[in-house]
Amino acid sequence: MKLQVVLPDETAGADPRRLVDLARRAEDLGYDTAWLPDHVLPPDEYGPVHGGVFEPLVTLGWLAAATSRIRLGTSVLVLPLRSPFVVAKQAATLHALSAGRFTLGVGIGWDAREFTAVGADFDARAARTDEAIALLRHLFRVGRGPFEGRWYGFDAGVFEPRPAEGAVPVMTGGVSDAALRRAARYADVWQGVGLDPVAFGERLARLRARTGDRVVSPGTRLDWSAPGRTAGEAAGTAEAFRAAGAEHLAVHFGDPDTYADRMTDFARATRHCVG
């Protein structure tokens, strides 16, 4: 199982250089991927509910220049808040700048107030996300028109930089039946959220029943921020997820001031279950 980190990006006024320090530390410790969250215009202050103070795609470009091995990605970019044409350009550029280390994680969003604030369509967000992912795939693989959809389309145009073999991995999140259908149809990677190991195994079985011959790498997220929880206890949860079929586990280590220490302790405690 590959261990990953969700970098702390929830504190307004934080020094962005800390993200570089933590990404480099995660790389040195052998973590596989560093993720950043996303919210464009949340209705409440940034914090545990709304992450993404620093725009993730811009910030990941900076982190790509400061690292050499660790993968980088969004967990998750709220795709229907943005033009998929612009996201495709940004993702393909990040893929090239990072030497293929970028994974585009996307989700449909959940806060209607944020959609209203930016003038986006909340009710159709799931269908728009599905079509936007199809457009992204088309741009990455074909690189020119036409593409005809209900919300997005174009007759003529050339897309560059086009990744070799269309290879920008796409991750989708979510645990609903609709989210699993989306992952089965479009995703290279699936990240469950808010599940215990038993529920994760049940959701994974449903996903695999839908994927057929398609290979979708399954994983989940773990929050280790509660005071008093030991690295050994967190490692035990990680092992349970591995036994339930998780191929990757992304961990948020809470308070930025203690993040590096907890990340280090967790890496040491989980060496036995890392593949």
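Things worth noting here:
- The residues of the range 152-239 expose, per residue, 49 Å² of accessible area to a 1.4 Å probe.
- Estimated inter-spin distance, Lys89 and Ala14, nm [label 7 Å along Cα→Cβ]: 2.9 nm
- Ranking Gln191, Ala167, Leu180 by how far each Cα lies toward the positive end of the dipole of the range 153-220 (charges on Cβ) leaves Leu180 at the top.
- Nitroxide proxy distance, nm - points 7 Å out along Cα→Cβ at Asp21 and Glu165: 4.0 nm
- In terms of the mean number of neighbouring beta-carbon atoms within 10 Å, the peptides 165-172, 148-155 order highest first as 165-172, 148-155.
- Between the helical axis of 177-186 and the longest alpha-carbon principal axis of the chain there is an angle of about 70 degrees.
- From its DSSP helices (H runs of at least four residues, each -39,500 (n - 2.57)), the chain gives a residue-normalised ellipticity at 222 nm of -13000 deg cm²/dmol.
- Using Cβ point charges alone (K and R +1, D and E -1), the dipole size of the range 124-275 about the Cα centre works out to roughly 500 debye.
- Accessible area of the range 55-172 belonging to carbon and sulfur atoms, whole % at 1.4 Å probe: 54 percent
- Classified by the C-alpha gyration tensor, the range 147-275 has a prolate form. Its axis ratio a/c, with a ≥ b ≥ c, is 1.5 or above, and a/b is larger than b/c.
- Per residue, the accessible area of the range 67-151 comes to 42 Å², computed with a 1.4 Å probe over protein heavy atoms only.
- Cα shape, the range 228-275, gyration tensor, a/c 1.5 rule: prolate
- A simple rule links phi to the HN-Hα coupling: the Karplus curve 6.51 cos²θ - 1.76 cosθ + 1.60 with θ = phi - 60°, which for the range 229-245 gives 7, 8, 4, x, 5, 5, 5, x, 5, 4, 5, 5, 5, 4, 5, 7, x Hz, with x for Gly and Pro.
- Taking all protein chains as shown and a probe of 1.4 angstrom, Tyr46 keeps an accessible surface of around 70 Å².
- In range of the label at Ala243: residues from the range 201-215 whose backbone nitrogen is under 18 Å from the point 7 Å along Cα→Cβ: 201-205
- Most simply put, the chain has about 10% antiparallel DSSP beta bridges, counting only bridges with both residues inside it.
- Dipole magnitude of the chain about its Cα centre (Cβ charges: Lys, Arg +1; Asp, Glu -1), debye to nearest 20: 940 debye
- Positive-end residue, the chain charge dipole about Cα centroid, Cβ charges, pick of Leu139, Leu77, Leu22: Leu139
- Using θ = phi - 60° and Karplus 6.51 cos²θ - 1.76 cosθ + 1.60, couplings along the range 169-175 (whole Hz; Gly, Pro as x): x, 10, 10, 10, x, x, 10
- Accessible area of the range 186-238 belonging to carbon and sulfur atoms, whole % at 1.4 Å probe: 53 percent
- Rounded to the nearest 20 debye, the dipole size of the range 115-157 about its Cα centre is 200 debye, using +1 on the Cβ of Lys and Arg and -1 on the Cβ of Asp and Glu.
- Helix 84-97 axis, angle to the chain major axis (alpha carbon atoms, nearest 10°): 50 degrees
- Fraction of antiparallel bridges per DSSP, the range 60-209 only, in percent to nearest 5: 25 percent
- Across the range 228-275, C-alpha contacts under 8 Å between residues 6 or more apart give a mean separation that, scaled by the residue count, equals a relative contact order of 55 percent.
- Glu202 contributes an accessible area of around 110 Å² to the protein surface, as traced by a 1.4 Å probe with all chains present.
- For Val142 and Val40, a Förster radius of 25 Å and the Cβ-Cβ distance give a FRET efficiency of 0.30, rounded to the nearest 0.05.
The values are calculated or read from the model by the stated rules, or taken from the named source; none is laboratory data. Bear in mind that the values here come from a model prediction, so they are computed numbers and not experimental data. Glycine also receives a Cβ, built like all others from the backbone with ideal geometry; neighbour counts cover every protein chain displayed. Remember, those area values only see protein heavy atoms, side chains included, never the ligands or the DNA or RNA. Shrake-Rupley method; radii C 1.70, N 1.55, O 1.52, S 1.80 Å.
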